[in-house]
Amino acid sequence: MQMIQAVENYKNGSTGQLSGISIGLMFLGSVARVFTSFQETGDMTLILTFIVSSLCNGILLTQVPTPHL
């Protein structure tokens, strides 16, 4: 789903209503899952799944514009 959203954001040239806080929390959560899965299970398939999820969330996070202070 994240890659579909990323492609649509690219096509539209905007993230629209996408919340930077939500995407940031999703990214941090998926990164945390990589580390906890590594420590708890060691299952490389599960770990690779969470790595791909983290990368997709990272792509979305880079698309969110930073606020001008």
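The values are calculated or read from the model by the stated rules, or taken from the named source; none is laboratory data. None of the values given here were measured: they were computed from a predicted structure. Backbone-built Cβ (ideal geometry, glycine too); neighbour counts: all protein chains shown.
Mind telling me which of the residues Leu48, Leu28 ends up being more than 22 Å from Val64 (Cα to Cα), under 15 Å from the mean Cα position of the chain (by Cα) and modelled with pLDDT of 95 or more? Spell out how you get there, then give the answer.
Details: Leu28 fails: more than 22 Å from Val64 (Cα to Cα).
None of the other options fit; the residue is Leu48.
Condition first: hydrophobic (A, V, I, L, M, F, W, C), exposed (fewer than 13 other Cβ atoms within 10 Å of the Cβ) and assigned to a helix (DSSP H, G or I). Can you find one or more residues in the range 41-50 that meet it?
So the first thing to find is which residues in the range 41-50 are hydrophobic (A, V, I, L, M, F, W, C), and the list is 44, 46-48, 50.
Adding the requirement that they be exposed (fewer than 13 other Cβ atoms within 10 Å of the Cβ) leaves 44, 48.
The next check asks that each one be assigned to a helix (DSSP H, G or I); those that pass are 44, 48.
Yes, the conditions are met somewhere in the range 41-50.
From Gly20, Gly29, grab the single residue that is in contact (Cβ under 8 Å) with a residue 40 or more places away in the chain, surrounded by fewer than 16 Cβ atoms within 10 Å (Cβ to Cβ) and among the small types (Gly, Ala, Ser).
On the way: Gly29 fails: in contact (Cβ under 8 Å) with a residue 40 or more places away in the chain.
That would be Gly20, the only listed residue that is in contact (Cβ under 8 Å) with a residue 40 or more places away in the chain, surrounded by fewer than 16 Cβ atoms within 10 Å (Cβ to Cβ) and among the small types (Gly, Ala, Ser).
Taking the range 51-69 on its own, how many of its residues are under 10 Å from the mean Cα position of the chain (by Cα) and either in contact (Cβ under 8 Å) with a residue 40 or more places away in the chain or surrounded by fewer than 18 Cβ atoms within 10 Å (Cβ to Cβ) (or both)? So that I can check it myself, show each step before the final result.
Here is the first cut: in the range 51-69, the residues under 10 Å from the mean Cα position of the chain (by Cα) are 51-62.
Filter once more, keeping what is either in contact (Cβ under 8 Å) with a residue 40 or more places away in the chain or surrounded by fewer than 18 Cβ atoms within 10 Å (Cβ to Cβ) (or both): 51-53, 55-62.
Within the range 51-69, residues that are under 10 Å from the mean Cα position of the chain (by Cα) and either in contact (Cβ under 8 Å) with a residue 40 or more places away in the chain or surrounded by fewer than 18 Cβ atoms within 10 Å (Cβ to Cβ) (or both) number 11.
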